[in-house]
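We did not get these values from a lab; they are worked out from the coordinates using the rules stated. These numbers were taken from a predicted model, which means no experiment stands behind them. Counting neighbours? That spans all protein chains shown, and the Cβs are built from the backbone with ideal geometry, glycine included.
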Amino acid sequence: MSDIRSIAVDRRARVPHSNATDHKVSPMEERLATLLAELSSVTEAVGRTRHRVAGLADPFRGTERDDVVIAIYEAERLLRNAERALERTARAVR
């Protein structure tokens, strides 16, 4: 939620001689705040999923099923890339 408040605070700071309570958030600011909240939530979910997926390889390490370990690590790597892309998107929106 700090992302949402920071957008509103940042916008108020740029309005000369404006009382912070008089500032109305524009529809674009509302959409951006909603987008940031969604990106934050999805990024967190992808991160948790990435950790869960990485743990799936544990029972197969050191066995003859290296193919399973490799496939799981590949999925974990792709989730890490997705997490980073979401983080970059959030930074671009701010």
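Points worth noting:
- For the range 58-73, Karplus couplings with θ = phi - 60° (6.51, -1.76, 1.60), whole Hz, Gly/Pro x: 3, x, 9, 5, x, 10, 6, 9, 4, 4, 5, 4, 4, 5, 5, 5
- Qualifying trypsin sites (Lys or Arg not before Pro) for the range 29-82 [loop in DSSP, other Cβ within 10 Å: at most 15]: ARG61, ARG65
- Extension gain for ALA85-ALA54 works out to 9.3 nm (0.36 nm per residue, less the C-alpha to C-alpha distance).
- Long-range amide H partners of VAL25 with built H, under 5 Å: none
- Shown here for the range 41-94: GluC sites (Glu not before Pro) in loop regions (DSSP other than H, G, I, E, B) with at most 15 other Cβ atoms within 10 Å, namely GLU64.
- Per-residue ³J(HN,Hα) for the range 83-94, Karplus 6.51 cos²θ - 1.76 cosθ + 1.60, θ = phi - 60°, Hz, x for Gly and Pro: 4, 5, 5, 5, 4, 5, 4, 4, 5, 5, 5, 5
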